[in-house]
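The values are calculated or read from the model by the stated rules, or taken from the named source; none is laboratory data. As the structure is a prediction and not an experimental result, all values here were calculated from the model. No Cβ is skipped: glycine too gets one built from the backbone with ideal geometry, and neighbour counts run over all protein chains shown.
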Amino acid sequence: MAAAGFWDDQEKAQEVVGQLKSLKAIVAPMKELLVADEDMQALIEMGAEDESIVPEIESEIKRLEKELDELELKSLLNGEHDGCGAILTIYARDGGTDANDWAEMMLRMYSQWAAKYEYTIELMDRSDNPDAGINNAAIAIRGPMAYGYLKGERGVHRLVRISPFNSEGKRQTSFAAVDVTPEISDSVEVDIDESDVRVDTYRASGAGGQHVNKTDSAIRLTHIPTGVAVQCQTQRSQHKNRAQAWKMLRAALARVEEEKRDAENAESYKSKAQVGFGSQIRNYFLHPDQRVKDARTGHYVGDFQKVLDGEIQGFLDAYLNWLAKEGS
């Protein structure tokens, strides 16, 4: 990073900075624990002579155990792309206007989580619903191990509440689907035959000014062999949207390849593909009581609003532990 001309290529420089942050996230806590271990040995020797400091020793042990647990959890983030940023896409599914509103609530939830942990966020695509909420949106979340933490969020999220859009005040169940792909750098090779990709242009929707809404600046790319489709409409020019869409497509196809490698055999991958994006992973309840429960790990939080305000790290950690146990 100290080399002359390092910052001349901003994109490559930011990639290196991201790698540094990911490494520091592991190395720095490890160094602190090693130093704390030496200090603890000295403290225990003192405690053998002075019992009054035993409560201090017990408190320090609890603190170090917590830090060690967190470090062990980070050691589970050892997938090929776990250190990358994440492209997170949210789609409104069944449930009408409630589903559109729910999708926007989830967009805020993930954005709040990212801000809490000082990740950077970039809006890559957003399609607003004319009545309320969004049809879909995509954001890039960049920071140490962003994809490693968020990869378990892929699937369907179910909300049960008294609908604010129903004049009779009836209970409504609505669904939003989340897809997560690693934001890979241009240096990573992803084999894409451009003849396999259909390019569609269309007029952007929602806010953005006269130029955005009056020209066919939005881009949709569809990889015909896999059926993977991505779209981008947040930039003013078609050229920029096209470049962003290609980046999203490379990320999506990289995840597909990652899943193939992780599958035990071709048959298990086939079964996974059939379920994958339609699997219900978490239930959020506002009625009859407030609670959020993960269908895979059993992790439970009794404060719905706290979760919607971005307190989802417990779910992310529980998934990593569950994944480790499933693989063992």
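Kindly check whether there is at least one residue in segment 60-81 that is closer than 30 Å to Val190 by Cβ, of a type in the set (Asp, Glu), modelled with pLDDT under 85 and within 28 Å of the chain's Cα centre (by Cα).
Checked against the condition, which is being closer than 30 Å to Val190 by Cβ, of a type in the set (Asp, Glu), modelled with pLDDT under 85 and within 28 Å of the chain's Cα centre (by Cα), segment 60-81 yields at least one hit.
In the list Asp39, Asp8, which residue meets the criterion of being at pLDDT 85 or above, closer than 30 Å to Arg250 by Cβ and loosely packed, with under 13 Cβ neighbours inside 10 Å?
Asp8
Kindly check whether there is at least one residue in segment 208-223 that is of a type in the set (D, E, K, R) and either surrounded by fewer than 17 Cβ atoms within 10 Å (Cβ to Cβ) or at pLDDT below 75 (or both).
Yes, the conditions are met somewhere in segment 208-223.
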